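First up is the structure itself, then whatever we jot down about it.
The values are calculated or read from the model by the stated rules, or taken from the named source; none is laboratory data. This is a predicted model, so every value here is computed, not measured. Every residue, glycine among them, receives a Cβ derived from its backbone with ideal geometry; neighbour counts consider all protein chains shown. Calculation scope for accessible area: heavy atoms of the full protein, side chains included, ligands and nucleic acids excluded. Shrake-Rupley method; radii C 1.70, N 1.55, O 1.52, S 1.80 Å.
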Amino acid sequence: MTIPGTNETLRAALQDVNTPNLLLVLATITGDDIWLSERYAPAPIEAPEGSLFPDDSGGYSAELTSEIREQAMSILAEVREGQRSVGQAPSLTRFQQMLAFSTGEEVALETAEMLMEETRFKNRDVQWLPTLQSAVSQGKAAGFRVLIVGAGMSGLGTAAKLKEAGIAFTILEKNDAVGGTWYENRYPDCGVDTPNHFYSYSFHRNPDWSGYFSKRDELHAYFEQCADEFDIREHIQFGCSVTRMAYDEGLNTWSVSYSRGEEQHTETFNAVVSAVGQLNQPSIPNIEGLSSFQGAMWHSARWRDEDLTGKRVGVIGTGCSCVQLLPKTADRAGHTWVFQRTPHWVAPARDYYKPVEPGLIWALNHIPYYAEFHRARMILIFGDRSWPAVVVDPAWQDQSVSVNEANHAMREVLIDFVKSGLGPKQDYVPHCVPDFPVWGKRLIVDNGWYETLARADVSLVSDGIARITETGIETNNGDHHAIDVLILATGFKSNELLSPMQVLGLGGQDLAAVWGDAANAYKGTSMPGFPNLFLLYGPNTNIVHGGSIIYQIECQIHYVMQCLTLLLSNEIQALDVREEINDHYNKEVQAISGQLAWGHPRVESWYKNQSGQVINNSPFSLQKFWAVTHDLEPADYRLLKTGSNL
Ligand code: NAP
């Protein structure tokens with residue numbers, strides 16, 4: 001990395017950077033521990049009262065900040081002029097020490113190891129890539145074809161790795177563009193609720209995010225750009241919906257049927273990676289009279305750009321989608337009614353609409369190591385810091401509305417936020433305070449939710465929907481609300497993973513029947529009896545407490561690439577996870593899930609099935625999921641070879 005520009009460019013950029021992060025840069029370039037000394041120790045990272053998002057600025061005096069920037073100016077100018085080298089990337093133990101210094105918190109060695117990979121100070125692919133490339137160069141992958149179903153974030157990430165390894169693959173994508181959820185969802189204000197500099201592939205960071213929480217168009221553009229940069233477009237067939245896949249035991253291959261418009265096709269693949277996501281089938285509520293409604297009606301994930309000006313608009317649902325779309329919808333509508341079944345927890349967010357400062361964008365692009373340390377600190381600050389607050393403390397006396405002391409403290413803070421946000425409409429407060437623990441459902445990042453409910457032209461209706469009529473919605477108390485437009489922000493068929501595809505494994509067993517309504521998989525990835533079928537963002541992989549789903553997916557891709565390496569380097573045809581291994585793993589998953597906020601008996605959500613079992617969420621912290629997926633254990637699998645299964 002070379003540092004462009006002049007001293008003035010550098011000086012301007014340094015006004016916008018995070019000081020504790022800058023100290024790590026200086027310590028790395030100079031190799032001098034002075035930058036990690038007591039004099040520069042930052043203040044503890046704490047969330048300002050009522051905010052989910054902590055202040056990590058370091059709390060330095062103006063004098064000390066200016067001194068650090070001046071020193072940084074001269075050191076970086078020397079690097080730019082070629083008078084100083086950029087030093088060495090940190091070793092694991094030094095990285096651990098640096099992160100502990102810059103956060104003022106203990107950082108476990110394993111956490112530092114994970115962050116070495118997330119920052120690419122260490123390339124995690126070395127674990128499989130050289131072996132796989134060697135197998136490819138020896139011709140062992142000749143004729144081996146992988147199918148990826150879906151060109152969203154999971155599919156694109158997998159494709160990047162297969163391409164790098166030289167494995168033949170095809171992506172079948174039902175839409176006419178890449179991006180999956182970020183292609184399909186276009187409702188007003190649709191955007192990410194994870195800090196953006198962490199919401200990107202570790203191997204393809206984006207230093208140019210315009211916002212701390214970017215909106216849908218920019219996110220979709222990122223994935224479009226990934227498709228180009230990974231050079232995988234020629235492998236994608238758009239407009240293709242996979243309908244059926246069946247395992248051929250004789251050949252150890254998958255026969256995959258898909259439709260493209262009116263045409264039906266069937267092709268054979270050696271392995272299938274399902275990258276269809278958990279949230280792509282809109283859930284249309286089963287409410288009496290829904291189909292009789294005569295006005296315009298659509299689901300939040302199938303947004304229609306109809307003019308809402310002056311219209312009477314009804315929105316059903318109060319999850320993330322509704323919260324995001326409501327303020328802009330209410331701005332246009334004549335009156336908006338929000339039909340709430342149960343309230344969700346909503347937390348205030350720092351920097352939600354703030355553009356990223358030009359100097360920070362410059363630093364992420366041009367200051368050596370800045371982007372790496374920035375990402376590592378983001379993951380520390382916005383990831384597992386919340387984990388202790390979601391774990392049930394058996395000693396916590398009243399488990400009815402919270403699971404431990406920290407969880408209860410958050411509850412109190414958020415109740416205050418409800419009250420302050422609702423302003424003149426304090427009568428809404430009892431309807432807006434959930435009766436389940438914080439983090440029982442996804443904690444929604446606020447974009448003006450309570451202020452919008454407090455508007456005179458917005459009404460919260462909590463009486464329960466009795467039926468939908470031709471002209472509006474009738475509630476259980478007999479009121480009828482006449483509306484012109486009905487928006488269904490009612491979520492997704494998240495429990496029907498892989499639907500509507502029919503998946504037939506060994507002995508013709510149907511995966512939908514095997515699962516019933518309790519989908520499960522080993523490490524969220526493999527199912528016994530379905531060899532060489534790998535699920536990304538599969539059962540029990542979703543995150544609730546904080547973090548980026550791209551992180552989870554990358555952990556799984558890393559695991560799948562090890563599976564393919566094992567296969568191809570040993571000339572085995574297929575891997576079938578052992579039933580007892582899967583059973584043991586999933587017993588543990590369920591036991592842990594019952595001890596987490598989202599397993600709480602009062603939580604009814606898209607994470608649970610009819611019998612209250614958590615099937616979508618990971619029971620692990622980010623750190624633990626990394627460890628769980630990091631190293632393939634070959635003995636977990638039956639190794640299938642045509643003619644002689646091992
Ligand atoms: P959701 O969280 O499942 O919310 C659906 C809403 O519809 C809930 O309030 C639910 O009520 C209500 N509902 C469903 N069926 C109903 C019925 N028959 N009658 C009345 N109300 C009904 O769906 P979502 O808001 O689309 O979010 C789904 C997930 O997508 C989120 O949890 C999040 O992971 C992700 N997401 C993320 C973002 C982001 O990152 N920015 C944005 C949007 C979505 P109950 O609460 O009572 O069940």
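What translational diffusion coefficient, in µm²/s and rounded to a whole number, does the Stokes-Einstein relation yield for the stretch 46-132 at 10 °C and a viscosity of 1.306 mPa s, taking the hydrodynamic radius as the Kirkwood radius over Cα pairs?
98
For the stretch 552-646, compute Rg over Rh where Rg is the Cα radius of gyration and Rh is the Kirkwood radius from the inverse mean 1/r over Cα pairs.
1.07
Give me a comma-separated list of calculated 3J(HN,Hα) values for the stretch 592-598, in order, Karplus coefficients 6.51, -1.76, 1.60 applied at θ = phi - 60°, integers in Hz, x for any Gly or Pro.
Couplings: 5, 4, x, 9, 10, 3, 7 Hz.
So, in Å, what gap is there between the alpha-carbon centers of the stretch 1-27 and the stretch 155-204?
When both Cα centres are located, 31 Å separates them.
Hey, can you find the accessible area per residue of the stretch 333-463 for me, probe 1.4 Å, expressed in square angstrom?
Here the per-residue accessible area is 37 Å².
Past the 20 angstrom mark, what percentage of all C-alpha to C-alpha distances in the stretch 434-495 do you count?
Percentage above 20 Å: 47.
Step through the residues of the stretch 237-253 one at a time and calculate ³J(HN,Hα) from phi using the Karplus curve (6.51 cos²θ - 1.76 cosθ + 1.60, θ = phi - 60°), rounding each to whole Hz and writing x for Gly and Pro.
So the Karplus estimates, Gly and Pro as x, are 10, 7, x, 10, 9, 6, 10, 7, 9, 10, 7, 9, 5, x, 9, 6, 9 Hz.
In what sequence, largest accessible area first, do M1, M98, M297 appear using a 1.4 Å probe?
M1, M297, M98
If D125, D510 are ordered by their accessible area, calculated over protein heavy atoms with a 1.4 Å probe, which sequence runs from highest to lowest?
If we order D125, D510 from most to least accessible, we get D510, D125.
Sort T170, T268 by accessible area with a 1.4 Å probe, largest first.
Result of the area sort, largest leading: T268, T170.
So, taking all protein chains as they sit and a 1.4 Å probe, how much accessible area belongs to K587, in Å² rounded to tens?
Here the residue's solvent-accessible area equals roughly 150 Å².
Work out from phi, with θ = phi - 60° and the Karplus expression 6.51 cos²θ - 1.76 cosθ + 1.60, the ³J(HN,Hα) of each residue of the stretch 403-414, listed in order in whole Hz, and give x for Gly and Pro.
Once rounded to whole Hz, the list reads 10, 6, 5, 5, 5, 5, 4, 5, 4, 4, 4, 6.
Suppose only helical runs count, i.e. DSSP H with n ≥ 4. What mean residue ellipticity at 222 nm does that imply for the chain under -39500 (n - 2.57) per run, divided by all residues and rounded to the nearest 500 deg cm²/dmol?
Per the formula, -10000 deg cm²/dmol.
Skipping prolines and chain starts, which residues have an amide H placed within reach, meaning under 5 Å, of the one on T253, given they are 5 or more residues away or on another chain?
Long-range HN contacts for T253: D248.
For the stretch 1-108, rounded, prolate or oblate, judged on the Cα gyration tensor with a ≥ b ≥ c (square roots of eigenvalues), a/c < 1.5 rounded, else prolate if a/b > b/c?
Note, shape of the stretch 1-108 comes out oblate.
Using a/c under 1.5 as the rounded threshold, could you call the stretch 279-353 rounded, prolate or oblate? The axes a ≥ b ≥ c are square roots of the C-alpha gyration tensor eigenvalues, and prolate needs a/b larger than b/c, oblate otherwise.
Since a/c reaches 1.5 but b/c is at least a/b, the shape of the stretch 279-353 is classed as oblate.
What's the magnitude of the charge dipole for the chain around its Cα centre, counting Lys and Arg as +1 and Asp and Glu as -1 at the beta-carbon? Answer in Debye, nearest 20.
Result for the chain is approximately 700 debye, rounded to the nearest 20.
If you roll a 1.4 Å probe over the heavy atoms of the protein chains, what accessible area per residue do you get for the stretch 209-272, in Å²?
Here the per-residue accessible area is 45 Å².
Name the long-range amide H neighbours of H299: under 5 Å, sequence gap of 5 or more, or other chain; modelled H, no Pro or chain starts.
Under 5 Å from the amide H of H299 lie the amide H atoms of L488, each far enough along the sequence or on another chain.
Under the rule a/c < 1.5 gives rounded, and otherwise a/b versus b/c splits prolate from oblate, where does the stretch 338-385 land using the Cα gyration tensor?
oblate
Of all the accessible heavy-atom surface of the chain, with the other protein chains kept in place and a 1.4 Å probe, what percent is carbon and sulfur?
Within the chain, the accessible surface is 49 percent carbon and sulfur.
In Å², what does the accessible area per residue of the stretch 566-609 work out to with a 1.4 Å probe?
Heavy-atom SASA per residue in the stretch 566-609 reads 46 Å².
If the reach is capped at under 18 angstrom between alpha carbons, list the aspartates and glutamates near K624, excluding any in the same chain fewer than eight residues apart.
E106, E110, E113, E117, E118, D384, E554, E588, E633
Taking the full set of protein chains and a 1.4 angstrom probe, give the accessible area of Y258 in square angstrom, rounded to the nearest 10.
Rounded to the nearest 10, the figure is 0 Å².
Which whole-angstrom value gives the distance between the alpha carbon centres of the stretch 324-355 and the stretch 467-543?
25
Taking H placed 1.01 Å from N in the peptide plane, check which residues at least 5 places from R145 or on another chain put their amide H under 5 Å from its amide H.
Long-range HN contacts for R145: N270, A271.
Roughly how much of K328 is accessible, in Å² to the nearest 10, using a 1.4 Å probe?
Around 80 Å² of this residue is reachable by solvent.
Equivalent-ellipsoid semi-axes (√(5λ), Cα gyration tensor) for the chain, whole Å, largest first?
38, 37, 23
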